[in-house]
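The structure follows.
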Amino acid sequence: MMRRWYQSLKFHIITALLFQLVLIISITMFSVYQLDLRKHDYAILNLAGQLKVFAQTFYDQSHNYIKAAPRDYETYDRDLNLYHKDLKNNIDNYDTIIRGFLRREISTNLVGNKEIIYCTWDQQSTNQLDMSAQIWRDFKHGLVESLGEDENQPRLEYAAEYISSNGIKIQQSSINLANAFQAMMESKLNAIHTTNIIAIILFILTNLFIILVFVYKAIRPLDNTRKGFEKVSNGELNYQLPVVSNNEIGELVESFNSLTQRISALFQLTDRIHQAHNLDDTLKFFHQEFQTFLPLDWIGLIRGLHGTDTFTLERIFTTLKSELRENDKFSVNKSIFEQVNQTKQPVYLHTDNIESYLNNGDKLLTRLKQSNLKSFLFIPLECLSNDAIVLLLATHENKAYQPKHLELLGNISAQISHSLDKTIGMEGLVISNLEGLAKLAESRDPETGDHLIRMSLYSAIITEQLGKDSIYSHQITPSYIRNVFRFAPMHDIGKVGIADRILLKPGMLTQEERSEMEKHPLIGADVLERCEQQMIALGHSVFQTGIEIAGCHHEKYDGTGYPKQLSGDEIPLSARIVAAADVFDALTSKRPYKEAWPIDKALETMNQTSGKHFDPVIIKALEQALPEILKVYEQHKHI
């Protein structure tokens with residue numbers, strides 16, 4: 001699963017913390033700003049209160065002046081310095097404040113601030129300010145007219161009477177304006193209070209959301225992971241956790257799932273390896289189980305015999321077409337096999353870095369490349385013998401393997417080596433037993449020595465040809481070819497149970513003696529069945545193909561053979577193949593009682609009995625493979 005940067009748990013945590021920090025800073029700055037504005041509001045309310053005082057002063061002083069109006073010039077001069085002076089100051093102050101309110105600017109000399117206060121009003125305050133300003137303008141205009149045009153001798157008594165008559169209106173206007181400002185300020189305080197409450201609620205909800213997300217995205221997955229480890233520790237090795245996120249916890253869960261998959265697969269691999277009956281089964285299990293860990297299309301086992309300068313591709317397992325064949329041999333000199341064997345370290349190659357080996361003539365890599373394989377892992381294995389063993393994994397994907405794949409395979413190479421040693425050792429034991437049985441058969445019938453070599457090679461060649469293009473292609477595998485080759489020499493193993501007087505009799509056999517001689521397929525099959533039972537008791541099946549060959553190689557396609565008169569497909573394919581190879585070698589070989597037949601005559605005779613004695617498909621394969629058969633014939637006819 002690919003994680004993007006914005007899915008990272010680190011990003012989420014940092015973002016949440018930054019959001020909280022920004023929210024706290026915003027709330028704090030907003031509160032500080034609003035508190036600063038409240039200072040302005042208090043200054044404005046104070047000015048509005050001064051308007052009420054001025055209006056009240058207008059009225060009170062005028063009312064008192066009317067009660068004690070001057071009756072002489074001396075008293076009038078006194079009032080000019082007192083009443084008139086206070087009146088002018090109050091008019092100027094009231095007017096300055098009203099003008100400041102109308103301009104939305106309160107000068108520094110009005111409130112004593114270092115900076116001008118810029119005002120904003122709501123609609124109700126604006127409406128009231130406009131009305132109060134108009135009332136003041138009307139009041140001032142009437143007052144100025146009452147005072148008269150002579151500033152040195154104002155008509156104070158007229159002015160006092162004017163104020164006394166109109167002062168209530170200006171007082172009420174000032175009170176209304178102050179009340180409007182008061183209501184506006186209270187509304188702002190309520191808004192600030194509401195905003196702060198909302199901010200606090202938002203902060204709490206944000207933290208709750210962060211906590212819930214953290215619980216869902218981190219704590220719960222971690223707790224599930226802990227429980228998962230408990231399950232694994234209790235033996236539930238294939239336990240899988242649900243992947244609920246794409247963050248680091250999700251990656252941890254994926255790593256846990258990958259770990260349990262690998263542990264389970266390794267245990268399954270070990271279990272299946274122990275179930276393997278032969279090297280083919282082992283490679284098959286490797287191929288199936290390794291695909292849990294890495295891309296794999298082709299797997300092969302390479303063996304370098306101690307003291308030789310060649311190595312052999314001993315086994316292959318693949319479900320795809322390959323240009324390589326089992327038992328192909330290659331030169332060790334300047335090859336990748338030489339490097340792996342010397343360093344004892346895994347080597348990873350791909351099509352972009354194998355040119356140097358190709359230029360040095362490494363035929364194995366050349367053939368691998370021709371098979372459209374593009375990535376290769378060479379894993380050296382430890383072997384109890386002195387032979388060099390290398391496991392080769394390959395895939396059609398270029399640059400498919402990563403360091404983690406090499407690390408994994410390096411860690412389990414000892415286990416792989418042990419498993420392969422087990423199956424290689426078992427196969428070695430089987431081969432030794434087969435060779436011993438073959439020598440036993442040869443000692444009982446000296447004429448068969450050269451015959452066994454040739455007919456076993458003929459059988460393998462015919463089988464391989466059948467695998468290329470015939471109705472039996474689906475049955476033919478490298479393992480099947482190998483088994484036919486190994487057990488073909490066992491076809492007459494039953495002769496060990498025939499008395500020397502019959503087996504070695506130089507002349508014609510009587511009917512009774514021939515009946516006794518025809519029991520040798522049953523004797524041979526019985527011997528190999530007993531061997532098979534012993535191997536099955538050890539958990540392996542080895543001799544089944546040998547049992548088929550030994551028991552049925554004298555059966556004929558038309559059902560006239562012995563010992564069971566089987567016909568057609570009732571006769572095992574391996575027995576039909578060996579029967580044709582056996583007769584072909586018998587016809588083309590010299591015996592004490594006959595000369596060797598020419599190849600053409602032998603083929604003609606076998607064609608005549610095709611469909612009677614022999615399977616026609618096998619006879620056709622024999623003819624198709626004749627060039628390879630003749631090579632064997634020429635090489636071994638004088639042995």
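The values are calculated or read from the model by the stated rules, or taken from the named source; none is laboratory data. Just so it is clear, the model here is predicted, and its values are computed rather than measured. FYI the Cβ positions are ideal-geometry reconstructions off the backbone, even for glycines, and counts take in every protein chain you see.
Rundown of residues vs (1) over 13 Å from Leu392 (Cα atoms); (2) among the basic types (Lys, Arg); (3) at pLDDT 80 or above; (4) assigned to a helix (DSSP H, G or I), yes/no style:
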| position | (1), (2), (3), (4) |
| --- | --- |
| Thr270 | yes, no, no, yes |
| Ile273 | yes, no, no, yes |
| His277 | yes, no, no, no |
| Phe286 | no, no, no, yes |
| Leu296 | no, no, yes, no |
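Right, something else. Quick one: is Ile116 farther than 18 Å from Tyr65 by Cα, assigned by TED's automatic domain parsing to the domain that holds Lys88, touching an Asp or Glu at 6+ places or on another chain (Cβ under 6 Å) and not acidic (Asp, Glu)?
On the way: farther than 18 Å from Tyr65 by Cα: yes; assigned by TED's automatic domain parsing to the domain that holds Lys88: yes; touching an Asp or Glu at 6+ places or on another chain (Cβ under 6 Å): yes; not acidic (Asp, Glu): yes.
Considered against the rule, which asks whether it is farther than 18 Å from Tyr65 by Cα, assigned by TED's automatic domain parsing to the domain that holds Lys88, touching an Asp or Glu at 6+ places or on another chain (Cβ under 6 Å) and not acidic (Asp, Glu), Ile116 comes out as yes.
Residue under question is Arg104, and the condition is that it be at pLDDT 80 or above, in the same structural domain as Ser165 (by TED's automatic domain parsing), surrounded by fewer than 17 Cβ atoms within 10 Å (Cβ to Cβ) and over 17 Å from Ile163 (Cα atoms); does it hold? Explain how you work it out, then say what you get.
Working: at pLDDT 80 or above: yes; in the same structural domain as Ser165 (by TED's automatic domain parsing): yes; surrounded by fewer than 17 Cβ atoms within 10 Å (Cβ to Cβ): yes; over 17 Å from Ile163 (Cα atoms): yes.
Answer is yes for this residue.
If I filter the stretch 555-572 for residues that are assigned by TED's automatic domain parsing to the domain that holds His520, under 19 Å from Ser470 (Cβ atoms) and of a type in the set (A, V, I, L, M, F, W, C), do I get at least one hit?
Checked the stretch 555-572: at least one residue is assigned by TED's automatic domain parsing to the domain that holds His520, under 19 Å from Ser470 (Cβ atoms) and of a type in the set (A, V, I, L, M, F, W, C).
So which of Tyr557, Tyr562 is assigned to a loop (DSSP other than H, G, I, E, B) and under 24 Å from Ile476 (Cα atoms)? Explain how you work it out, then say what you get.
On the way: Tyr562 fails: under 24 Å from Ile476 (Cα atoms).
Answer to the selection: Tyr557.
If you don't mind, another one. Looking at the structure I just gave you, is His40 at pLDDT below 80 and in contact with a strand residue (DSSP E or B) (Cβ under 8 Å, 6 or more places away or on another chain)?
Judged against the criteria, His40 is a match.
Does the stretch 547-565 include one or more residues that are surrounded by fewer than 21 Cβ atoms within 10 Å (Cβ to Cβ) and aliphatic (A, V, I, L, M)?
Looking through the stretch 547-565, none of the residues is surrounded by fewer than 21 Cβ atoms within 10 Å (Cβ to Cβ) and aliphatic (A, V, I, L, M).
Rundown of residues vs (1) in contact (Cβ under 8 Å) with a residue 24 or more places away in the chain; (2) more than 51 Å from the chain's Cα centre (by Cα); (3) assigned to a helix (DSSP H, G or I), yes/no style:
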{"residue": "Ser479", "(1), (2), (3)": "yes, no, yes"}
{"residue": "Phe485", "(1), (2), (3)": "yes, no, yes"}
{"residue": "Pro489", "(1), (2), (3)": "yes, yes, yes"}
{"residue": "Lys495", "(1), (2), (3)": "yes, yes, yes"}
{"residue": "Arg501", "(1), (2), (3)": "no, yes, yes"}
{"residue": "Gly507", "(1), (2), (3)": "no, yes, no"}
{"residue": "Ala525", "(1), (2), (3)": "yes, yes, yes"}
{"residue": "Glu532", "(1), (2), (3)": "no, no, yes"}
{"residue": "Gly546", "(1), (2), (3)": "yes, no, yes"}
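Look through Met455, Met508 and report the one residue that is at pLDDT 85 or above and in the same structural domain as Ala621 (by TED's automatic domain parsing). Please lay out each step first, then the result.
Numbers: Met508 fails: at pLDDT 85 or above.
Criteria check complete, one pass: Met455.
Then there's this: Criterion first (modelled with pLDDT of 75 or more, among the polar types (S, T, N, Q) and either assigned by TED's automatic domain parsing to the domain that holds Gln402 or under 30 Å from Phe330 (Cα atoms) (or both)) does Thr292 satisfy it? Outline the logic, then answer.
Numbers: modelled with pLDDT of 75 or more: no; among the polar types (S, T, N, Q): yes; either assigned by TED's automatic domain parsing to the domain that holds Gln402 or under 30 Å from Phe330 (Cα atoms) (or both): yes.
Spelling it out, it is not the case that Thr292 is modelled with pLDDT of 75 or more, among the polar types (S, T, N, Q) and either assigned by TED's automatic domain parsing to the domain that holds Gln402 or under 30 Å from Phe330 (Cα atoms) (or both).
Here are some conditions: (1) assigned to a helix (DSSP H, G or I); (2) surrounded by 15 or more Cβ atoms within 10 Å (Cβ to Cβ); (3) not acidic (Asp, Glu). Lys631 meets all but one. Which one does it not meet?
Here Lys631 clears every test but (2).
Regarding Asp72, is this residue under 21 Å from Asp150 (Cβ atoms) and either surrounded by 13 or more Cβ atoms within 10 Å (Cβ to Cβ) or at pLDDT below 80 (or both)?
Spelling it out, Asp72 is indeed under 21 Å from Asp150 (Cβ atoms) and either surrounded by 13 or more Cβ atoms within 10 Å (Cβ to Cβ) or at pLDDT below 80 (or both).
Restricting to the stretch 92-137, what's the tally of residues that are in contact with a strand residue (DSSP E or B) (Cβ under 9 Å, 6 or more places away or on another chain) and on the phi > 0 side of the Ramachandran plot?
1
Give the residues of the stretch 506-539 that are of a type in the set (A, V, I, L, M) and either under 24 Å from Leu566 (Cβ atoms) or surrounded by fewer than 16 Cβ atoms within 10 Å (Cβ to Cβ) (or both), sorted by residue number. Talk me through it step by step, then tell me what you get.
The initial filter retains those residues of the stretch 506-539 that are of a type in the set (A, V, I, L, M), namely 508-509, 517, 522-523, 525, 527-528, 535-538.
Within the stretch 506-539, Met508, Leu509, Met517, Leu522, Ile523, Ala525, Val527, Leu528, Ile536, Ala537, Leu538 qualify.
In the stretch 389-412, how many residues are surrounded by fewer than 20 Cβ atoms within 10 Å (Cβ to Cβ) and part of a loop (DSSP other than H, G, I, E, B)?
Of the residues in that region, 5 qualify.
Going by what's in this entry, would Phe337 be described as in the same structural domain as Lys374 (by TED's automatic domain parsing), surrounded by 14 or more Cβ atoms within 10 Å (Cβ to Cβ) and in a helix (DSSP H, G or I)? Lay out the reasoning, then the answer.
Working: in the same structural domain as Lys374 (by TED's automatic domain parsing): yes; surrounded by 14 or more Cβ atoms within 10 Å (Cβ to Cβ): yes; in a helix (DSSP H, G or I): yes.
So Phe337 passes the test.
Here's another thing I want to ask about it. Is there any pair with a first residue in the stretch 346-360 that is more than 21 Å from Lys404 (Cβ to Cβ) and a second that is hydrophobic (A, V, I, L, M, F, W, C) whose Cβ atoms are under 7 Å apart and which are 6 or more apart or on different chains, and what are they?
Ile354/Leu365; Tyr357/Ile336; Tyr357/Leu365; Leu358/Leu365
Based on this model, can you work out whether Leu365 counts as surrounded by 14 or more Cβ atoms within 10 Å (Cβ to Cβ), part of a helix (DSSP H, G or I) and in the same structural domain as Asp281 (by TED's automatic domain parsing)?
yes
Right, another one. When you go through Tyr65, Tyr59, Tyr33 one by one, which is the residue that is under 20 Å from Asn89 (Cα atoms) and modelled with pLDDT under 80? Reasoning before the result, please.
Numbers: Tyr59 fails: modelled with pLDDT under 80; Tyr33 fails: under 20 Å from Asn89 (Cα atoms).
Exactly one of Tyr65, Tyr59, Tyr33 is under 20 Å from Asn89 (Cα atoms) and modelled with pLDDT under 80, namely Tyr65.
From the set of residues in the stretch 113-152 that are β-branched (Val, Ile, Thr) and in a loop (DSSP other than H, G, I, E, B), which is surrounded by the fewest Cβ atoms within 10 Å (Cβ to Cβ)? It would help to see each step written out before you state the result.
From the stretch 113-152, those β-branched (Val, Ile, Thr) are 116-117, 120, 126, 135, 144; that's our starting set.
Going one step further and asking which of them are in a loop (DSSP other than H, G, I, E, B), we end up with 116, 120.
On the way: Ile116: 14, Thr120: 11.
Applying the filter and picking the extreme gives Thr120.
When only residues in the stretch 196-235 that are small (Gly, Ala, Ser) and assigned to a helix (DSSP H, G or I) count, which is surrounded by the most Cβ atoms within 10 Å (Cβ to Cβ)?
Filtering the stretch 196-235 down to residues small (Gly, Ala, Ser) leaves 199, 218, 228, 233, 235.
If we keep only those that are assigned to a helix (DSSP H, G or I) as well, we get 199, 218, 228, 233.
Working: Ala199: 17, Ala218: 18, Gly228: 20, Ser233: 9.
Checked the stretch 196-235; the qualifying residue surrounded by the most Cβ atoms within 10 Å (Cβ to Cβ) is Gly228.
For the condition at pLDDT below 85, over 17 Å from Leu313 (Cβ atoms) and polar (S, T, N, Q), what is the one hit in Asn353, Asn386? Full working, then the answer.
Numbers: Asn353 fails: at pLDDT below 85.
Only one candidate qualifies: Asn386.
Please state which of the following conditions Glu248 fails to meet, knowing it meets all the rest: (1) among the acidic types (Asp, Glu); (2) closer than 30 Å to Tyr216 by Cβ; (3) touching a helix residue (DSSP H, G or I) at 6+ places or on another chain (Cβ under 7 Å); (4) modelled with pLDDT of 70 or more.
With respect to (1) among the acidic types (Asp, Glu); (2) closer than 30 Å to Tyr216 by Cβ; (3) touching a helix residue (DSSP H, G or I) at 6+ places or on another chain (Cβ under 7 Å); (4) modelled with pLDDT of 70 or more, Glu248 is out only on (4).
Tell me which of these Pro242 doesn't satisfy, since it passes every other one: (1) modelled with pLDDT of 70 or more; (2) not in a loop (DSSP other than H, G, I, E, B).
Here Pro242 meets the rest and fails (2).
Hey, does the stretch 494-504 have a residue that's modelled with pLDDT of 90 or more, buried (at least 17 other Cβ atoms within 10 Å of the Cβ) and among the charged types (D, E, K, R)? Lay out the reasoning, then the answer.
Keep residues of the stretch 494-504 that are modelled with pLDDT of 90 or more, which gives none.
Among the residues of the stretch 494-504, not one is modelled with pLDDT of 90 or more, buried (at least 17 other Cβ atoms within 10 Å of the Cβ) and among the charged types (D, E, K, R), which makes the answer no.
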